[in-house]
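Presented below is the structure to which this report refers.
The values are calculated or read from the model by the stated rules, or taken from the named source; none is laboratory data. The structure presented is a predicted model; accordingly, all values stated were derived computationally and were not measured. Cβ sites come from the backbone with ideal geometry, for glycine too, and all protein chains shown count toward neighbours.
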Amino acid sequence: MSLLRIKGPATSANVGPGYDIFALALANPYDEIEISLIEKSGVEIEVVNDVQNIPTTPKDNTAGLAVLEVMKAFGLAQGVHIRIIKNMCSGGGMGTTGASAAAAVFGVNRLFNLNMDYNQMIEFARRGEVASGGSPHADNVAAAILGGFILVKNYDPIDVLKLDLPEIPVVLAAIRKSQRTTRGFITYEIGQEKLKAQMARCSRVIHAIHTHDMEEFGRAISKDFIHEPVRGAAIPGYWEIKQKVIEMGAWGCTISGGGSSVIAFCPPEKHDEIENYMAAAFSDNPNFTRVYKTFTSNTGVQILENK
């Protein structure tokens, strides 16, 4: 086997109150990543359908940096060519950089028979995220590798738990960030009462998943005191649109990942109505791309072709 083509799914991280510890995978959209062995050493990056100037220097690309970390750790002399086929926009809180890093590490693990377990792959993939957001967060890459709902139980060492989700209807308004990252503006100084409320909501999210109570899941993820106030302020009309989506019958609505995309979870009978509303409501935003009508997915990276 000298080539793998892998599906890297979109993910939504920082789900509700779970900043840097909750994430989930989506059925659509997704990017495709081809990884092939080459004669020389090192990493080559190629990007197809690139309209956003994605870096092709390996150390500046999440997939490239992650694979360089793997090569260094395992002493790999043979090089790889990574071809990233873009089907979704980057820079909008859809986990696209994480999808590339996750798929690349997953592929290298298979091509070189490294026998890494999931936590090891997540550790290397999260190091690749430094090339994008400056921080080695694990939530997106874990959801991309494993699928389902991810709880990061520990960061040192990495230890994640996957919980299977029902197939929840999702409406995702894809909106690119107006700046590279807002992480530096987020503070943890939220006060004792908000801290207790944040912790309680995290508990409610996990309980709702275990009991398959999607109404409770929606209520629990619809309030956050850490990143939503900062990122919500950067999305024109966010608070009013969120309130309207919930009034229309959505179980919950929040910011997806690092923003500026907005994600809503809804009953099946409200799927079309909320899709149409969010498409119209965000249409005046110059950074708005499109609305995805999709579902949560318990499947992570998948091999589409090998030869």
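Restricting to region 216-234, and then to whatever is hydrophobic (A, V, I, L, M, F, W, C) and in a helix (DSSP H, G or I), can you tell me which residue is surrounded by the fewest Cβ atoms within 10 Å (Cβ to Cβ)?
Of the residues in region 216-234, the ones hydrophobic (A, V, I, L, M, F, W, C) are 217, 220-221, 225-226, 230, 233-234.
Applying the additional criterion that residues be in a helix (DSSP H, G or I) yields 217, 220-221, 230.
Numbers: Phe217: 26, Ala220: 25, Ile221: 27, Val230: 16.
Of everything passing the filter in region 216-234, Val230 is surrounded by the fewest Cβ atoms within 10 Å (Cβ to Cβ).
For region 184-205, indicate whether the set of residues that are acidic (Asp, Glu), surrounded by 13 or more Cβ atoms within 10 Å (Cβ to Cβ) and in a helix (DSSP H, G or I) is non-empty. No, the conditions are met nowhere in region 184-205.
All of Leu165, Leu161 fail the test of being out of contact with any Lys or Arg (no Cβ under 9 Å at 6 or more places or on another chain) and either assigned by TED's automatic domain parsing to the domain that holds Glu275 or surrounded by fewer than 21 Cβ atoms within 10 Å (Cβ to Cβ) (or both), apart from Leu165. Is region 74-96 home to any residue that is surrounded by fewer than 24 Cβ atoms within 10 Å (Cβ to Cβ) and assigned to a helix (DSSP H, G or I)? Yes, region 74-96 contains at least one residue that is surrounded by fewer than 24 Cβ atoms within 10 Å (Cβ to Cβ) and assigned to a helix (DSSP H, G or I). Of all positions in region 137-148, none carries a residue that is part of a helix (DSSP H, G or I), among the acidic types (Asp, Glu) and modelled with pLDDT of 95 or more. Being within 24 Å of Ala174 (Cβ to Cβ) and either at pLDDT below 95 or part of a helix (DSSP H, G or I) (or both) holds for only one residue in Ala280, Ala208, and it is Ala280.
In region 137-144, the count of residues that are surrounded by fewer than 24 Cβ atoms within 10 Å (Cβ to Cβ), in contact (Cβ under 8 Å) with a residue 60 or more places away in the chain and among the hydrophobic types (A, V, I, L, M, F, W, C) is zero.
Against the list (1) at pLDDT 95 or above; (2) out of contact with any Gly (no Cβ under 6 Å at 6 or more places or on another chain), the condition Arg290 fails is (1).
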